[in-house]
Amino acid sequence: MALVPSERLSRGQRVRRLANLVNGSTVLGLGVAALGRCRVRRGPRGLWLADRYRFDFPRAGAFTVGDVLLTADEWPARVQVYPGLLAHEERHAWQYAVCGGLPFVPLYVLAMAWSVLRTGTKGARNVFERDAGLAAGGYLDAPVVPLRARLRRPVGA
């Protein structure tokens, strides 16, 4: 996926863009980008690209709020390292639309907690990251550890 805006959006992309506008998640994403003093520009497939994000939270190479894709880096450099990253983050934009916008955030946190509990990693068993493609997002798969063993072992061990 190139970094330049597409000429015409598909019907699905228009629906996603409208859903995330109506549910407020894209507006919130643009607000987060403004707070993070990002450079924001139109991206491909109806997305917004925001780079040079200034905060250390959330700890991620890139993250999505509505149709706004944010990174502390510059998008061209990030995509050079992770060629599938824009498609991965676009999938998260779809997840915002399907979850009705902001309910995606607590659902994502729960999925991340489940993954940490089962594998010790944020992404390996996070249903949202698996759906978006682990490798494209820079995540590694990890084996599931039985709950009894995981509860006896500290997180991150």
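What number results when the radius of gyration of the chain, computed over Cα atoms, is divided by 2.2 N^0.38 Å?
1.06
Just the number, please: percent antiparallel of the DSSP beta bridges in the chain, rounded to the nearest 5.
70 percent
Remind me, relative contact order of the chain in percent, using alpha carbon pairs under 8 angstrom and six or more residues apart?
19 percent
What is the calculated FRET efficiency for Leu147 to Ser10, with r their C-beta to C-beta distance and R₀ = 35 Å, to the nearest 0.05?
0.25
Hey, for a label at Val98 modelled as a point 7 Å past Cα toward Cβ, could you say which residues of segment 1-45 have their backbone N under 20 Å away?
10-26, 45
Once you have the Cα-Cα distance between Leu18 and Val127, take 0.36 nm times their residue separation minus that, and quote the gain in nm to one decimal.
Extra length available between Leu18 and Val127 comes to 36.8 nm.
In degrees between 0 and 90, to the nearest 10, how far off the longest principal axis of the chain does helix 11-22 point, with axes built from Cα atoms?
80 degrees
Full-extension gain between Arg37 and Val81, please, as 0.36 nm times their residue separation minus the C-alpha to C-alpha distance.
Computed gain between Arg37 and Val81 is 13.5 nm.
Heavy atoms only, probe 1.4 angstrom, no DNA, RNA or ligands counted: give me Arg39, Arg59 ranked by accessible area, highest first.
My answer, sorted largest first, is Arg59, Arg39.
The values are calculated or read from the model by the stated rules, or taken from the named source; none is laboratory data. It should be emphasised that the depicted structure is a prediction, and the values quoted were computed from it without experimental measurement. Note that each Cβ is placed from the backbone with ideal geometry, even for glycine, and that neighbours are counted across all protein chains shown. The area values use the complete protein model at the heavy-atom level, side chains included, leaving out ligands, DNA and RNA. Shrake-Rupley method; radii C 1.70, N 1.55, O 1.52, S 1.80 Å.
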